[in-house]
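Undergrad: Sharing a structure here in structure tokens format.
The values are calculated or read from the model by the stated rules, or taken from the named source; none is laboratory data. Because the structure is predicted, anything quoted here is derived from the model rather than measured. Every residue, glycine as well, gets a Cβ built from its backbone with ideal geometry; the counts of neighbours run over all protein chains shown.
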Amino acid sequence: MRSLVIGGTLFIGRALVPKLIERGDDVTILHRGRHNPFGKSVREVRCDRNDADAIRQVMREGRYELVFDNVYDWQRGTTAEQVEAAAASCGDQLKRYVFTSSCAAYGSGLDRLEDDALAAVDDEDLYCRNKANTERMLFRLHQQSGLPCVTLRPPFLYGPENPFYREQFFWDRMLAGRPIMLPGDGTRLMQFVHVDDYVNAAITATENDISIGRAYNVANPAHISQRELLEALAEAAGCAPPQTVSIDRELLTKLGGNVFAPPFYFGQYFDMPPITEDTSRVRKELGFEATPFVEGLRQTFNRYKNTERPEPDFSFDEQALAAADG
């Protein structure tokens, strides 16, 4: 298969590309950086995926049979129109266009099903709006022109190559014997999927025609609370459960704490309004099986402890803990 991976050098791409090579695909990665971690094993195209004219040309010239579209531009956003420039330019040789969406496409809610309504076209959250509008666009193209699209809706992705300051945030504090700030009462729900499990689902979607024109929630079936997350992280690292200090979210944000950019108070993006998913469809139709959460975290911790890291900054923790104590 002539396969294009948009975002081949990032978190999902680093897990996906080796599996495609192993399968025997002729793989091209599209990215705008200068580092190609796969060397001569892949072809590469340097292109800004948000540049509609450039991406149209890449698609027409490549005549790809499979496209895995994994990239979202966190600084500028990636709109439905920018994804459409790629999807609508693939040509009649395309067998599957696999789009990495997100549980955020639902906007809100628990135990969401794939046929539930997505976030409004004018939702105030840019990320939710872009993901939901892109899915609507892809399924419209499927209805109008037969685009063989599949959309996958993961919750929090985790694994050894995670570029976000998430699992590492907590292990930095646990190994230093520091207390961890718990937003509110720690009952806010979260759901996860190991990056390898996600990639396996994406590849299976290219091998099973039932996936065409379908959306899939791709996640560990069970959701957990923030407090339970800390327990799982401690177990994976072989640590005692950490001391926690419950702090009101309003105080944390008033002090300058953030979930999107430093200083973080509970790991990057890890204190969002809960959205959870029902995973019955992906398990039934694609045979999806999730890695047990603690097992996947152990893999991640092994990479963490064997990787050079910058010295963690606990200054905001000190400020917030002092304010909570006072």
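Undergrad: What tally of residues in the range 43-73 results from selecting those that are under 23 Å from the mean Cα position of the chain (by Cα) and part of a loop (DSSP other than H, G, I, E, B)?
TA: Final tally of qualifying residues: 9.
Undergrad: A further question follows. May I ask you to list the residues in the range 244-297 that are acidic (Asp, Glu) and either assigned to a helix (DSSP H, G or I) or buried (at least 21 other Cβ atoms within 10 Å of the Cβ) (or both)? Explain how you work it out, then say what you get.
TA: Here is the first cut: in the range 244-297, the residues acidic (Asp, Glu) are 248, 250, 271, 277-278, 285, 289, 295.
Within the range 244-297, GLU250, ASP271, GLU277, GLU285, GLU295 meet the criteria.
Undergrad: I'd like to know if the range 210-231 contains one or more residues that are modelled with pLDDT under 95, surrounded by fewer than 21 Cβ atoms within 10 Å (Cβ to Cβ), not in a helix (DSSP H, G or I) and not hydrophobic (A, V, I, L, M, F, W, C).
TA: The answer is no; no qualifying residue exists.
Undergrad: Still on this structure: Determine whether ASP69 is of a type in the set (D, E, K, R) and at pLDDT 95 or above. Break it down stepwise before answering.
TA: Working: of a type in the set (D, E, K, R): yes; at pLDDT 95 or above: yes.
Criteria met by ASP69.
Undergrad: When you go through ASP172, ASP111, ASP123 one by one, which is the residue that is more than 13 Å from the chain's Cα centre (by Cα), outside the structural domain of GLU318 (by TED's automatic domain parsing) and surrounded by 15 or more Cβ atoms within 10 Å (Cβ to Cβ)? Explain how you work it out, then say what you get.
TA: Details: ASP172 fails: outside the structural domain of GLU318 (by TED's automatic domain parsing); ASP111 fails: surrounded by 15 or more Cβ atoms within 10 Å (Cβ to Cβ).
The conditions single out ASP123.
Undergrad: Quick one: VAL282 ticks every box in (1) of a type in the set (A, V, I, L, M); (2) out of contact with any Pro (no Cβ under 7 Å at 6 or more places or on another chain); (3) assigned by TED's automatic domain parsing to the domain that holds PRO183 except a single one, so which number is it?
TA: Going through the list (1) of a type in the set (A, V, I, L, M); (2) out of contact with any Pro (no Cβ under 7 Å at 6 or more places or on another chain); (3) assigned by TED's automatic domain parsing to the domain that holds PRO183, VAL282 breaks only (3).
Undergrad: I would also like to ask the following. Of the numbered conditions (1) under 21 Å from the mean Cα position of the chain (by Cα); (2) closer than 21 Å to PHE301 by Cβ, HIS223 fails exactly one; give the number of that condition.
TA: Going through (1) under 21 Å from the mean Cα position of the chain (by Cα); (2) closer than 21 Å to PHE301 by Cβ one by one, HIS223 breaks only (2).
Undergrad: Here's another thing I want to ask about it. So how many residues does the range 302-326 have that are assigned to a helix (DSSP H, G or I), among the acidic types (Asp, Glu) and at pLDDT below 95? Spell out how you get there, then give the answer.
TA: If we filter the range 302-326 for residues that are assigned to a helix (DSSP H, G or I), which is where we start, we get 302-305, 315-325.
Going one step further and asking which of them are among the acidic types (Asp, Glu), we end up with 317-318, 325.
When the remaining residues are screened for being at pLDDT below 95, the result is 325.
Number satisfying all stated conditions: 1.
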